[in-house]
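Report on one structure; see the data block that follows.
The values are calculated or read from the model by the stated rules, or taken from the named source; none is laboratory data. This is a predicted model, so every value here is computed, not measured. Cβ placement follows ideal geometry from the backbone for every residue including glycine, while neighbour counts extend to all protein chains displayed. The area values use the complete protein model at the heavy-atom level, side chains included, leaving out ligands, DNA and RNA. Shrake-Rupley method; radii C 1.70, N 1.55, O 1.52, S 1.80 Å.
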Amino acid sequence: METVLVAHPIAGLIVIAILFSSTGILNAFDIMEKEDVFKRTPCPAFLMFENAAYLAEMSFELPCNCKPEEVSSVVWYFQKGMGSQQTKVLTDFDGTMVVDSTHIKVGMDMLRRFSIRMFSLIVFRVQVEDSGHYICGTKKGDFFYGYDVDVQASKRISVAFTDENQHPNKDKEEKHYKIFTVFWDWTRCNRCDVRGEQRRIGLCYIKSSRLIRRYRTATAEVASCGSESIPKQFKRVIKNRKPEIVIRSCSVPCIRKTTASEGEESISDVISQIGEMPWVSNIPIQFHKQRLGTDLIISCPGARPEHAVAWDKDSTRLYLTRFLTGVNKSMRVFIDYGNHLHIRFAQLSDRGIYFCWREGELVAGFRLTVMYESRRQRSFDDPEAQYAIKTIFIFYILLTFIFVTVHGIRFCMYAFKMPS
């Protein structure tokens, strides 16, 4: 005989209100959902490594896909290679470390660029040196799940502009392997209402039946080119294969968030038609002063390397076909593969407002002022003063040496000159 429970509507509402007013119960519910996942995913008896590939300067998240139910916090280990004696322990021993990614700078050690959230490891702004094995386990040394992470260099990217009839690199196929590029989806158009650009990132992969079986890949016998599953004899072949970026033009309409009055719309249309920037009073404008002759790097707020980002200076659009790094070796102003705007040896002509587009939306502006450095008294303890004194002293010694050498040669020629 079955027992049927009928809940009163008012009682049900009271229970729902209590649940939603108690954050502790909600957190416990989230943890129970997570534990149910671990119950359904048993850990392998033999530790294997799942292959994952990323482009440098990106951020990635590695979930701990399995662990025993009694384990309440995990420790992540990093090894550069199989059997490496140098192992980094990535943990705060609580599993709750949170890192503000906006404060992370290029070149920071990995121990300052990671976070653990709900058993998952997050590494920010990864570098090529971060490639290796990431293992989820406990501080006692029990291992549950492993990753074989391949971070491919962004400085060696091969770029193709489809508008100029350029094409990606061709696949290279030999008897025992095939090297090719796996492209991600196209990004969104990086501008709206005007001509924009789209990027498509491609990473290097290899297909071979001779991959090491301890590594698990999404597609059978296919791994990224920096994977530890690739035999050593193949690594020499794939050494010169580069990641790729394909860029093409695009055009999409802007999404109107607010409806402007008829008069404002006509003024905006007139301004856009004569080539000026549209009305942008709703975006934040930052002010920055830069010394003449110094270098400057501007980042778009909230943008990551995989995002669609565009830069404009006043009414001039800085298209990637002209301003992407590597297009012209002598460029003083350029955009790198991480979407940062570089200005080298700032000049007075660099003054203006630099607008940043992110995912097809105008998000920020930077008003740049280039100024002369005011004169100030320098002491002998000043590093710049010491460098200037050292340079002058070396130059003086060099001139003295040349003077003595020239006159010594003239004296010798005069002393040994045969009488006529």
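Quick check on the range 276-330: of everything there that is hydroxyl-bearing (Ser, Thr, Tyr) and at pLDDT below 85, which residue is nearest to Met371 (Cα to Cα)?
Looking at residues that are hydroxyl-bearing (Ser, Thr, Tyr) and at pLDDT below 85, I get Ser330.
Look through Asp163, Asp148 and report the one residue that is modelled with pLDDT of 90 or more, under 28 Å from the mean Cα position of the chain (by Cα) and open to solvent by 80 Å² or more (accessible area, probe 1.4 Å).
The conditions single out Asp163.
How many residues, within the range 57-79, are open to solvent by 10 Å² or more (accessible area, probe 1.4 Å), part of a loop (DSSP other than H, G, I, E, B) and closer than 20 Å to Leu203 by Cβ?
Looking only at that region, the number is 2.
Just a yes or no: is a residue in the range 235-257 open to solvent by 50 Å² or more (accessible area, probe 1.4 Å), touching a residue at least 60 places away in the same chain (Cβ under 8 Å), in contact with a strand residue (DSSP E or B) (Cβ under 6 Å, 6 or more places away or on another chain) and closer than 24 Å to Pro305 by Cα?
yes
Residues are listed down the side, and each one gets a yes or a no for (1) modelled with pLDDT of 95 or more; (2) more than 19 Å from Val89 (Cβ to Cβ); (3) within 22 Å of the chain's Cα centre (by Cα):
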residue	(1), (2), (3)
Phe119	no, no, no
Phe144	no, no, no
Asp185	no, yes, yes
Tyr205	yes, yes, yes
Ser209	no, yes, no
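Condition first: open to solvent by 50 Å² or more (accessible area, probe 1.4 Å) and farther than 28 Å from Leu62 by Cβ. Can you find one or more residues in the range 121-135 that meet it?
No, there is no match, as no residue in the range 121-135 is open to solvent by 50 Å² or more (accessible area, probe 1.4 Å) and farther than 28 Å from Leu62 by Cβ.
Those residues that are open to solvent by 60 Å² or more (accessible area, probe 1.4 Å) and small (Gly, Ala, Ser), I need them from the range 307-331; list them, please.
Ser330, the sole residue that qualifies.
Hey, among the residues in the range 295-306 that are in a loop (DSSP other than H, G, I, E, B) and open to solvent by less than 30 Å² (accessible area, probe 1.4 Å), which one's nearest to Ile245 (Cα to Cα)?
So in the range 295-306, the residues in a loop (DSSP other than H, G, I, E, B) come out as 295, 299-306.
Adding the requirement that they be open to solvent by less than 30 Å² (accessible area, probe 1.4 Å) leaves 300, 305.
On the way: Cys300: 20, Pro305: 12 Å.
Looking at the filtered set, the residue picked out is Pro305.
Scan the range 194-249 residue by residue and report those that are within 20 Å of Tyr134 (Cα to Cα), assigned to a strand (DSSP E or B) and among the charged types (D, E, K, R).
Hit for the range 194-249 is Arg216, nothing else.
Is at least one residue of the range 178-197 over 30 Å from Leu324 (Cβ atoms) and either buried (at least 21 other Cβ atoms within 10 Å of the Cβ) or in contact (Cβ under 8 Å) with a residue 60 or more places away in the chain (or both)? Steps first, answer last, please.
In the first step, residues of the range 178-197 are kept if they are over 30 Å from Leu324 (Cβ atoms); the result is none.
The answer is no, given that none of the residues of the range 178-197 is over 30 Å from Leu324 (Cβ atoms) and either buried (at least 21 other Cβ atoms within 10 Å of the Cβ) or in contact (Cβ under 8 Å) with a residue 60 or more places away in the chain (or both).
Just give me the residues in the range 337-350 being within 22 Å of Gln127 (Cβ to Cβ), open to solvent by 30 Å² or more (accessible area, probe 1.4 Å) and in a loop (DSSP other than H, G, I, E, B), in sequence order.
The answer is Tyr337, His340.
Conditions first: (1) in a loop (DSSP other than H, G, I, E, B); (2) under 24 Å from Pro243 (Cβ atoms); (3) not acidic (Asp, Glu). Thr321 passes all but one, so which condition is the exception?
Among (1) in a loop (DSSP other than H, G, I, E, B); (2) under 24 Å from Pro243 (Cβ atoms); (3) not acidic (Asp, Glu), the lone unmet condition for Thr321 is (1).
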